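The values are calculated or read from the model by the stated rules, or taken from the named source; none is laboratory data. None of these values were measured; they are calculated from a predicted model. Backbone-built Cβ (ideal geometry, glycine too); neighbour counts: all protein chains shown. These area figures cover heavy atoms from the full protein model, side chains too; ligands, DNA and RNA do not enter into them. Shrake-Rupley method; radii C 1.70, N 1.55, O 1.52, S 1.80 Å.
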Amino acid sequence: MPPPTERRARRPFVALAVVVTVLAGLFAGRALLSGLDGSPADPLAPGSPPSATSYGADPASPPSPAPSISAGPVVAVPARIDATAGTDVAAALQAVLDSAPNGATIRFPASARYLLGSTLHLDARHDLVLDGRGASLRATAGSGAARPVIRLSGSSGVTIRDLVLIGANPQPGVYRPTREHDHGVSIVGSTAITLAGLRIEATSGDCVYIADQDGAWSDGVSLLDSTCRGPGRNGVGVVGARNIDVERTAFSNVGYHVLDLEPNQGPPLEGASNVTFRANTVSAPVAGFVIAANGWGPVDRVTVSDNVLAGLALRITVAPAAGSGFRRSAIEIRANRSDTIADQADPLMQFESTDDLTITGNVQPLAKTTVLAGITNSCRVTVSGNELGSGQPALISGPSC
């Protein structure tokens, strides 16, 4: 115990500490109240990025490492498999995929090159990661049945990242109907699939094809931060799926449509629901439409926003097949930007039997006589706030609700 003189000497410092603690509590309470009343609790200006301090991190310390996608075992592709693209190694790579347990990360040697004479299959696989590390899979010329580079069926929780997939189309960007199902990645009846950082080139079919399996729609498929160049058919084709997200991906030299939502006539019933196509870049040439939503079954909740088009106009077609009895609904075309003047006799965008349609905030230069959108037999339509140059906004005909 300190002597009485020392205790008396410390009393002013104790009192000062109490005052500081009380004031700190008052300022903390004020900060909490400012957050509750709608004003920013963080001193940063609205819209500015949060600082490290605002998250309680030390600005001088390095960022925490990103969490691993898979906590399971890592299975390395063996070095004994020819990584020079000199021989067909499809069977050897398939054996590696088959031997890896669910929950594993299959890791390719960085920048390795593999030649495939057949498709790599992921059937009924779960929580699996294919970590490409820049490796490439090149398909040989296909014959007979469809030959996608990778096919997933009945799988869930699969991530494929940082791979280069090269098809066997001798004329990239040219449609070859006899090989139209030679896709980069074919996803059938699968859920929670993420494709990230892929480069897909010269496929005769789609870069990515998403479909049902015996009526079970694929659900939750994302294509992110990737490149799709020279597909003979579509950039992304959707036949039977919901909750599809295509973002920050570059499309160029497309042989048919960039995004094609085209359910076939059942049974079983096929369709497309809750599809987002956002913040992508599309570069000419594109032989068909940027967005197509035709076909038989239902198509609804489609958002096309914040995309940039270089060397082409925002051509869109949305219409159910005649006699199907279906309609299209909840379609939003928003804040897209084209650098090319559209000069054509037909409307640039064509919508038939489409309800709850919104076209707003797009930058699409039009020639003086060109109409942005031709809309027929549709209800609850909004066309506003588009920058069109000297063109015409919309020509609406048929019943209006």
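Which listed residue (Thr159, Gly86, Val236) has the Cα farthest towards the positive end of the charge dipole for segment 80-238, taking +1 on Lys and Arg C-beta and -1 on Asp and Glu C-beta about the Cα centre? The listed residue farthest towards the positive side: Gly86.
To one decimal place, what orientation-averaged projected area in nm² is obtained for the convex hull of the Cα set of segment 137-249?
6.1
Backbone N atoms of segment 309-345 closer than 16 Å to the 7 Å Cα→Cβ label point of Ala367 belong to residues 312-315, 340-345.
Farthest toward the positive end of the dipole of segment 274-354, out of Val299, Val318, Ala335, is the Cα of Val299, where the dipole comes from beta carbon charges about the Cα centre. Computed with a 1.4 Å probe over protein heavy atoms only, the accessible surface of segment 230-379 comes to 34 Å² per residue.
About the Cα centre of segment 295-401, how large is the charge dipole given +1 on each Lys and Arg Cβ and -1 on each Asp and Glu Cβ? Please answer in debye to the nearest 20.
The calculated dipole for segment 295-401 is roughly 100 debye.
Between Asp306 and Ser99, residue separation times 0.36 nm minus the direct Cα-Cα distance comes to 70.3 nm.
To the nearest 0.05, what FRET efficiency results for Ala79 and Gln392 with a Förster distance of 56 Å applied to their C-beta separation? Before the final figure, lay out the partial values.
Working: r = 63 Å, r/R0 = 1.12.
After rounding, the FRET efficiency stands at 0.35.
About its Cα centre, the dipole of segment 122-257 is roughly 440 debye, where the only charges are +1 on Lys and Arg Cβ and -1 on Asp and Glu Cβ.
About its Cα centre, segment 258-343 has a charge dipole of approximately 160 debye under the convention of +1 per Lys or Arg Cβ and -1 per Asp or Glu Cβ, with nothing else charged. Here the accessible area is traced with a 1.4 Å probe on the protein chains. For segment 70-161, carbon and sulfur cover 53 percent of it.
What percentage of the solvent-accessible surface of segment 261-330, computed with a 1.4 Å probe over protein heavy atoms, is contributed by carbon and sulfur atoms? Percent of accessible area from carbon and sulfur atoms in segment 261-330: 54.
Residues whose amide H comes within less than 5 Å of that of Ser156, counting only those at least five positions distant or on another chain, are Arg125, His126, Asp127, Thr191 (H built at 1.01 Å from N in the peptide plane). The modelled label-to-label distance between Ala322 and Ile341, using points 7 Å beyond Cα along the C-beta direction, is 3.5 nm. Gain on full extension, evaluated as 0.36 nm per residue between Gln171 and Thr281 minus their Cα-Cα distance, stands at 37.4 nm.
Taken along the Cα-to-beta-carbon direction at a fixed 7 Å, the label points for Arg380 and Ser143 span 5.5 nm. Solvent exposure of segment 78-173, expressed per residue, is 40 Å² of accessible area, with all protein chains present and a 1.4 angstrom probe.
When both bridge partners sit in segment 143-219, DSSP labels roughly 5% of those beta bridges antiparallel.
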